[in-house]
Structures are given as structure tokens and as C-alpha cells.
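Report on the following structure.
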Amino acid sequence: VALVAGFGSVNQPLILAGGTLIFAAATLEFIHLRQIRGGDAPSSLKFYLTGVAYLLLGIIIGTGLWLDWSTALYIKVPLEAHIHANSWGFMSLVFAGLLIDFIPMVTGRPFGSLREISLIYWGMTLGAFGLVLGPWLGGSLPPTVVGLILHLSATIWLVVLMVRALKKSGKLASAGGWHLILSYAWILAPVLAAPLILLKFIDGGPIEATAPQALIYGWMLQFGIAFIPTIARRFFLKQENPPLGGCWGSLVAANLGSVLVWVSIYAGSARGTLYGIGFALYALALIHPLKELMDIARAGLNKLEAV
């Protein structure tokens with residue numbers, strides 16, 4: 001709340017206060033996660049730990065955008081470094097951890113071997129490091145390209161393992177499985193566009209300004225549509241193999257919205273119209289998962305009353 005208020009009024013004390021509070025909360029979460037380490041710790045734990053570490057870095061860079069810390073930290077392109085730390089570092093690793101934890105619950109099958117999971121972890125971790133280091137050094141190509149290759153390879157491998165588990169369990173007959181699969185098309189889209197930007201084939205400015213919206217709503221929103229009802233069913237209704245959330249309508253709306261947001265980048269005078277329709281479709285995509293959560297809450301309350 002302090003950050004939102006600070007950004008809106010460009011109030012540096014509020015921005016510093018908000019950034020400090022979020023940094024403190026993330027630090028406490030990191031400490032808590034470290035205390036779980038041990039022989040019984042899940043293989044996903046390292047994804048969560050490293051993801052929160054990248055979040056801490058993203059908070060420092062992001063807060064510093066408004067307080068001129070970039071000069072002191074020698075960050076040449078701070079906005080890009082901030083986005084990469086949060087998206088390719090924090091969210092990518094945390095989402096990978098969630099897949100490793102919950103896909104076996106949903107499908108009744110292991111996600112992958114320990115070796116495969118370990119290689120995916122290192123590919124994502126080192127890839128994110130290169131993608132943060134590149135803009136930190138002013139768009140340096142070697143760390144950026146190496147990071148891009150590592151992160152892209154690890155992400156594709158993650159998706160292949162997810163598709164294999166969903167297919168073998170028959171979960172691709174439901175919209176929820178496709179929500180998860182297609183969500184990763186929208187994290188791969190800006191990654192695949194990156195070489196064209198780096199090689200100057202296309203202007204990166206419009207993409208860098210707009211693509212994060214399709215990334216957030218095409219990737220993160222769809223991931224949440226599939227997983228949040230699943231998590232709620234698992235922990236509130238105690239279902240052993242909860243179904244994934246979403247419906248065919250939410251699947252079409254979320255992906256069509258992302259298509260329109262991307263098309264709007266180079267749509268000229270139609271840009272605003274397409275962008276607005278895209279966000280209206282995102283809103284429609286939320287209707288079914290919100291209804292699911294209300295039904296889960298109602299069922300949970302009925303169970304409590306029965307007890």
C-alpha cells in the first residue's frame with residue numbers, strides 16, 4: 001500500500017518505507033524457508049529459496065529506481081534488471097517449485113527425476129543471473145545471451161515434464177491442464193523476441209513497454225487460475241487429488257486477451273482499442289475461478305458446520 005501510494009505521488013519517503021517493509025517480509029520468509037532444510041526437505045525448496053533471494057534483489061533495484069540508487073550500484077539499465085530479477089528469477093523459480101509440488105498431487109505421478117529437477121533448477125538460476133547481469137552492465141551481450149539460452153532450455157524442459165505428467169494422467173481433457181501449458185507460451189514469447197531486439201531486427205521499446213502486461217496476465221494470471229483453486233481444494237477441502245481450476249471459457253478469454261495485448265504493440269491507431277479489449281477479456285477470465293473459490297469456501301463452511 002505504501003509503495004502504491006508512493007508511486008502515485010512520487011513520494012520518496014513512502015517508496016522507501018514500502019520497499020523496506022516488503023524487503024523485511026521477504027527476508028523473514030527466506031529465513032523461515034531455510035529452517036525447513038534437512039533430510040525431509042522437498043526438492044522444490046531450493047526453487048523457493050532462490051526465488052525469494054531474487055525477489056530481495058528485485059526489491060532493492062526497484063525501490064532504488066525512485067531513489068537514485070542505480071548510480072551508486074552501477075546499474076546501467078535498472079528497470080530491465082528489476083523486471084528480469086522479478087520475472088525470470090523470482091516468479092519463474094517459485095512457479096517451478098509449485099509445479100514440482102502440486103503436479104504429483106493433481107496427477108498422482110512424479111514430476112520428474114531428482115536429476116532432471118536439479119538441472120532445471122541450475123538452468124533457471126544461472127539463466128536468471130545472466131539476464132539480470134546483462135542489463136546491469138548496460139546490455140552486455142555475453143551474459144544476456146548465455147542467460148537466455150540457459151533459462152529458455154530449463155523452462156522448455158520444465159514444460160515438457162509437466163505436459164508428460166498431465167497427458168499420462170488424462171488431465172489434458174480439462175481446461176486447467178491447458179491453462180498451465182499455454183501460460184508458459186506467454187513467458188516464452190518475450191524470451192523468443194529478445195534475440196530479435198538484441199540483433200536490432202525490431203524496435204525493442206514498444207515491446208519492453210507493453211509485453212510485461214501480457215507476461216503478467218497471460219502467464220501469471222493463467223497459472224493462478226489453474227493452481228489457486230487446486231491449492232484451496234487441497235488445504236481447505238482436504239482433497240487428495242484436487243482438479244485444476246479454470247474452464248474452457250476462461251482459457252479462451254485469457255489467451256485471446258494476451259494475443260490482443262501483443263498485437264496492440266504495433267497496431268498503430270487501433271492500439272488503445274485492442275489493449276482495452278484484451279484487459280476486458282482478462283476480467284472475463286476471472287469470473288469462473290472466482291466462482292470456484294466461492295464454491296470451495298461454501299463447501300468448507302458446510303463441512304465445519306457438520307462437525
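The values are calculated or read from the model by the stated rules, or taken from the named source; none is laboratory data. Note that this is a predicted model, so its numbers are computed, not measured. Here Cβ is always computed from backbone atoms with ideal geometry, including for glycine, and neighbour counts include all displayed protein chains. Side chains are part of the model used for accessible areas, which takes the heavy atoms of the whole protein and leaves out ligands, DNA and RNA. Shrake-Rupley method; radii C 1.70, N 1.55, O 1.52, S 1.80 Å.
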Are there any pairs, at least 6 apart or on different chains, whose C-beta atoms fall under 8 Å, with the first in segment 124-153 and closer than 18 Å to Phe90 by Cβ and open to solvent by 50 Å² or more (accessible area, probe 1.4 Å) and the second β-branched (Val, Ile, Thr) and not in a helix (DSSP H, G or I), and if so, which?
Trp136/Ile75; Trp136/Val77
Mind checking which residues of segment 1-16 are under 19 Å from Asp68 (Cβ atoms), touching a residue at least 12 places away in the same chain (Cβ under 8 Å) and surrounded by fewer than 17 Cβ atoms within 10 Å (Cβ to Cβ)?
Phe7, Val10, Gln12
Among (1) outside any loop (DSSP other than H, G, I, E, B); (2) of a type outside the set (A, V, I, L, M, F, W, C); (3) open to solvent by 20 Å² or more (accessible area, probe 1.4 Å), where does Pro110 come up short?
(1)
Counting only residues that are free of Cβ contacts under 8 Å to residues at least 60 places away in the same chain, assigned to a helix (DSSP H, G or I) and either buried (at least 19 other Cβ atoms within 10 Å of the Cβ) or not charged (D, E, K, R) (or both), segment 17-54 contains a total of 22
I want to confirm something. Restricting to segment 266-278 and keeping residues that are under 22 Å from Gly249 (Cβ atoms) and in contact with a helix residue (DSSP H, G or I) (Cβ under 7 Å, 6 or more places away or on another chain), which single residue is least open to solvent (accessible area, probe 1.4 Å)?
Gly278
When Pro42 is evaluated against the numbered criteria (1) in contact with a helix residue (DSSP H, G or I) (Cβ under 9 Å, 6 or more places away or on another chain); (2) over 29 Å from Ser113 (Cβ atoms), which criterion, by number, is the only one it fails?
(2)
So which residues in segment 243-265 are part of a loop (DSSP other than H, G, I, E, B) and either surrounded by fewer than 22 Cβ atoms within 10 Å (Cβ to Cβ) or without any contact (Cβ under 8 Å) to a residue 40 or more places away in the chain (or both)?
Pro243, Cys247, Ile265
As an exercise: evaluate Ile202 against (1) among the aliphatic types (A, V, I, L, M); (2) modelled with pLDDT of 95 or more; (3) not in a helix (DSSP H, G or I) and give the number of the one condition it does not meet.
(2)
Would you confirm whether any residue within segment 211-220 is modelled with pLDDT of 90 or more and open to solvent by 30 Å² or more (accessible area, probe 1.4 Å)?
yes
State which residue is modelled with the highest pLDDT when the search covers only segment 75-87 and only residues that are under 26 Å from Phe227 (Cα atoms) and open to solvent by less than 20 Å² (accessible area, probe 1.4 Å).
Ala85
Any idea which of Leu57, Leu93 is under 16 Å from Tyr121 (Cα atoms), at pLDDT 95 or above, surrounded by 17 or more Cβ atoms within 10 Å (Cβ to Cβ) and not hydroxyl-bearing (Ser, Thr, Tyr)?
Leu93
Condition test on Ala72, is it small (Gly, Ala, Ser), closer than 30 Å to Gly245 by Cβ and surrounded by fewer than 18 Cβ atoms within 10 Å (Cβ to Cβ)?
no
Looking only at segment 28-39, decide whether some residue is β-branched (Val, Ile, Thr) and closer than 30 Å to Ile103 by Cβ.
yes
